[in-house]
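Peer 1: Below is a structure I'd like to ask you about.
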Amino acid sequence: MAGKTGKSSGAAGEPRPASQGTAPASGALARVRAEATKATKGSAAAEKRAQALLELIERRKARIAEDFYEIGEALRELQRKKLYLALGHASFGEMLKARDLMGLSQAKKLIGVVTALPRDKALALGPEKAYALTRYTAATPEVDTPAWLLDQGATVAGKSLEEISVRELSAEIGKARAQAAGPKRRDPEEQRAKAAARAAQAALRKRGAKGATVEARRAKGGFWLRVEVPLEAAAALLGE
């Protein structure tokens, strides 16, 4: 009885040549796989933990008003420990998109809240105000934290942190950032060029070139004046 014949493209015992049409893995993918292998030795445990965290987030999303803090903690662990690599994702953001969990900006908000505030204080404020408070302390020059402001009973715009709205707090963040930026420094050379343009424009119009405009523009070697006058006025100015 004849035995089963295995598939072979060459002589018996010779290794099958690699397909010429197969392209090597991209450098980015190769690096992701290498990093995943290195960072997740015992990857079964890492993958199991990552899956458990993702399942927790899915369960809690429906109750995010109460459970946003736990979601933030799970997201922070996935990000800090790079557990997304165990699931075959190149980045934290890629995992969020592939799993359809939430946007990267929302995830960063929740991570920011759990990093800056203990659970009881964050829950008392709610996710949006808690995040706004972390942005406010980052925008102000004082060395303080959201938790410290709450402990001190601090006020913002004359209101307690419990009373102030997210919109009002966001307005104060804008004011703090504008104050920190300070007035824009003026370029003395640019100011002189603009003054010269205004003087030249006034002189041309005085000489009868109504509608003449002169604009200062920066170019290689310094500022140039761009002059535009009506054709009839130009002929008069040139004495033609």
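All of the numbers you see were taken from the coordinates with simple rules; none came from a lab. These numbers come from a predicted model, not from an experiment. Don't worry about glycine lacking a Cβ; one is built from the backbone with ideal geometry, like all the others, and counts go over all protein chains shown.
Peer 1: Can you run phi through the Karplus equation (6.51, -1.76, 1.60; θ = phi - 60°) for the stretch 66-76 and list ³J(HN,Hα) in whole Hz, with x for Gly and Pro?
Peer 2: So the J values, rounded to whole Hz, are 9, 10, 4, 5, 5, 5, x, 5, 5, 4, 4.
Peer 1: Exactly which trypsin sites (Lys or Arg not before Pro) in the stretch 139-240 are in a DSSP loop and have at most 16 other Cβ atoms within 10 Å?
Peer 2: Details: sites: 159, 167, 175, 177, 184, 185, 186, 192, 194, 198, 205, 206, 207, 210, 217, 218, 220, 226; in loops: 184, 185, 186, 207, 210, 220.
Sites meeting the loop and neighbour criteria: 184, 185, 186, 207, 210, 220.
Peer 1: At what distance in nm do the modelled label points of residue 49 and residue 179 sit from each other, each positioned 7 Å from its Cα along Cα→Cβ?
Peer 2: Each label point lies 7 Å from its Cα, and together they span 4.3 nm.
Peer 1: Using 0.36 nm per residue of separation minus the Cα-Cα distance, give me the extension gain between residue 223 and residue 190 in nm, one decimal. Walk me through the numbers before you get to the answer.
Peer 2: Values: separation 33, 0.36 × 33 = 11.88 nm, distance 0.77 nm.
My answer for the length gained is 11.1 nm.
Peer 1: Using label points projected 7 Å from each Cα along Cα→Cβ, tell me how many nm separate residue 63 and residue 202, to one decimal.
Peer 2: 7.3 nm
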